[in-house]
Each structure stands twice: as C-alpha cells, then as structure tokens.
1. Okay, helix-only estimate at 222 nm for the chain: each DSSP H run of n ≥ 4 adds -39500 (n - 2.57), divide by all residues, round to 500 deg cm²/dmol; what do you get?
2. What does the charge dipole of segment 73-153 about its Cα centre add up to, to the nearest 20 debye, if the Cβ of each Lys and Arg holds +1 and the Cβ of each Asp and Glu holds -1?
3. With every protein chain left in place and a probe of 1.4 Å, what is the accessible surface of Val173, to the nearest 10 Å²?
4. Could you sort Met63, Met46 by their accessible area in this structure, using a 1.4 Å probe and putting the largest first?
5. To two decimal places, what compactness ratio does the chain give when its Cα radius of gyration is scaled by 2.2 N^0.38 Å?
6. Cα centroid distance between segment 1-56 and segment 130-153, in Å?
7. Roughly what % antiparallel, to the nearest 5, for the DSSP beta bridges in segment 27-183?
8. Which longest run of the chain has no exposed loop site in it, a site being GluC sites (Glu not before Pro) in a DSSP loop with at most 16 other beta carbons within 10 Å, and the site itself not part of the run?
Amino acid sequence: MNNLKTNIRNNLIKQRNSLSSNTVREYSDSIIKNLAPFIEKAQNIMIFMNMQNEVKISDLIEMYPTKTFFIPKIFPKRQMKINKYRKDELILHKFGYYESSSENFYDEKILDLIIVPGLGFDLEKNRIGFGGGFYDTFLTRLRKDGIDIPFVAICYDFQIIEKVPVEGHDVKVDFIVTEKGIY
C-alpha cells in the first residue's frame, strides 16, 4: 500500500511541479472563485500556507479582509494546532512552508471551515496527503470532539484520480474544489 501511495504522490508532485506560473495563477483564481460559497458562509477559516506550485490559497487572506484566518502548526506525534494568521509572525518551516512563530493557539471549535491540502483525491472524497498523517490525525480528533464543520479540499482537477488507496486512519473530506467545479 505504501509503495502505491508513494508512486501516486511522486507522479502528482511531478505533474504539479510542471505547471507554469501562469497556469498556477489561472487555476488558483478559478479554484478560489469556486470556493466562494464556502468562504462567504464562514467567519473563522483554517487555511494552509501554500508552497511551490500549490493552489495559491493564501490569496484568500487579502481577498476577504473581514474574515479571520487560522493556519496550522505541526508538532511531534502527528499533532497539529492552529494559530491566527498574522503576517508579521510567519516563519519558514523546514518543510518549505510558512507557519506562525506564535505560541498562542486557538480552540478548533472556533472554526467554521477547514480548507484541506492534499496531493490526490478520488470522487469518493478520499485523500492522499504528503504522508505525515498530520491532517488525518487533526481531522479525526475534530470529528471525535463533535466538531461538525466542512472539510473542503482544494486541488487542480488532474489531482483527482480514479481510486485513492485507503488505510484505516485516512479521513475523507466533505467537498473537493478544483478549477473545474465542486465535487
């Protein structure tokens, strides 16, 4: 199973890395437009800090100045907490994305929406991440705590594959938004 997931990850990263900056901008703009109904219904939104050729989801911060955005911070044992997004507190993580330098963490119950990254998805809403298990652990904990908010994945349409290999700890998302629409 792990070899299959690794092969899928590598293939999708290669495809994503081959996108031109113009294509990334064009697709990201379309994805953000398709995401608007979710954003408009929410006030406290968890996003991730995009890196490389990922969807430019951090653009939401400037587009929706009246919303409050939260970003994840990871810890050992696949643990993740959330900080309020503040540009002046960003530091570069060793994995190549930005996270908050703040130690002020918020209760996840404040969230109205979680935007979930991933490398691959299928139409049954299964997800392949980067393999660290941070999001699966985090999302599982939220569901166990009775937090019933939408988990909305964003990706490029080519990242939707026929079948994602699923393991017991994997968490499905509620919606997938691409440049072509909402699944």
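The values are calculated or read from the model by the stated rules, or taken from the named source; none is laboratory data. Please read all numbers here as calculations on a predicted model, not as lab measurements. Methodologically, a virtual Cβ is constructed for each residue, glycine included, from the backbone with ideal geometry; neighbour enumeration extends over all protein chains shown. Ligands, DNA and RNA are excluded from the accessible area calculation, which covers all protein heavy atoms including side chains. Shrake-Rupley method; radii C 1.70, N 1.55, O 1.52, S 1.80 Å.
1. Value at 222 nm, helices only: -9000 deg cm²/dmol.
2. Approximately 220 debye in magnitude.
3. Surface accessible to solvent at Val173 totals approximately 10 Å².
4. Met63, Met46
5. Expressed relative to 2.2 N^0.38 Å, the Cα Rg reads 0.97.
6. The two parts, judged by their Cα centres, are 18 Å apart.
7. Percent antiparallel among DSSP bridges in segment 27-183 is about 55.
8. The longest such stretch corresponds to 1-102.
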